[in-house]
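The values are calculated or read from the model by the stated rules, or taken from the named source; none is laboratory data. Bear in mind that the values here come from a model prediction, so they are computed numbers and not experimental data. Here the Cβ is made from the backbone with ideal geometry for all residues, glycine too, and neighbour counts use every protein chain on show.
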Amino acid sequence: MKNNKKDRPGVSWRRKMLYVIALFVLVGVGYVAVANVTVCLTTKPYRLQPDDVTQGADCILVLGCLVHGEHPSGFLADRLERAYQLYSAGVAPKLLLSGDNGQVEYNELQAMYTYMIQRGVPEGDIFLDYAGFNTYNSARRARDIFLVRSCVVVTQGFHLPRAVYDLRAMGIDAVGVEAMPRVNPRSLNLKNTLRETAGRSKDFIYAGLIQPQPVFGGAVHDIGGDGRSTHDGVN
């Protein structure tokens, strides 16, 4: 009996710790749920079918994705092709290609630029953002560096709610269109679902409230001007 009495304080302490851990888990799960539901529901009216997009936006924004050397991955090619279709239909007069060129040996912009040039898009209509390291940075720089006031953003369906949310949080009148569907079934895998769940949870506060400065600033390149001023890093 004496040993049992001595054990009670330890048992009580462990229970309290379990209660605290359980509380943190519940709060965390609740936050993730609220953030994801809010991002998805608030952007639903702004996620459109290609035929429903009207003309008049400043630009079509293509968010970067994996490249293999100078060749776009399947996901990125699907984004670029949809953006090209919208551009050809006269939805917007400019293309803003935003991706990662944080390392000399990795340049998403080269592949994106080449894709559009090969399809006959005039150089002056293509703006390149080399510091679009993530969705938030692309949105913030679209506003601050390229002076975008309205845009059509193109990305995969699983990514579209966050992309539209971040842009609209920046005060940009943004609508989203899903990329071409050739590889979209693969976008439903667990990895992309978990990654986007975490991304929405971060940007719910990051873009919606904190709005930190982008990783890199830089000179202003008005989206209404000539995109060739942004082509220093491509061939």
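The set of residues from the range 79-115 being under 21 Å from VAL175 (Cβ atoms) and either basic (Lys, Arg) or part of a helix (DSSP H, G or I) (or both) comprises ARG79, LEU80, GLU81, ARG82, ALA83, TYR84, GLN85, LEU86, TYR87, SER88, LYS94, MET112. For the range 67-77, which positions are in contact with a strand residue (DSSP E or B) (Cβ under 9 Å, 6 or more places away or on another chain) and either without any contact (Cβ under 8 Å) to a residue 40 or more places away in the chain or in a helix (DSSP H, G or I) (or both)? Selection gives SER73, PHE75, LEU76, ALA77.
Among the residues of the range 177-200, those identified as modelled with pLDDT of 85 or more and in contact with a Gly (Cβ under 9 Å, 6 or more places away or on another chain) are GLU178, ALA179. Remark: pairs (first residue in the range 24-36, within 14 Å of GLY199 (Cα to Cα); second residue basic (Lys, Arg); Cβ separation under 7 Å; 6+ apart in sequence or on different chains) = ALA35/ARG200; ASN36/ARG200.
Criterion first (in contact with a helix residue (DSSP H, G or I) (Cβ under 7 Å, 6 or more places away or on another chain), touching a residue at least 12 places away in the same chain (Cβ under 8 Å), more than 21 Å from VAL215 (Cα to Cα) and aliphatic (A, V, I, L, M)) does LEU95 satisfy it? Judged against the criteria, LEU95 is a match. Here SER98 clears all of (1) buried (at least 21 other Cβ atoms within 10 Å of the Cβ); (2) farther than 24 Å from ARG162 by Cβ; (3) not hydrophobic (A, V, I, L, M, F, W, C) except the condition numbered (2).
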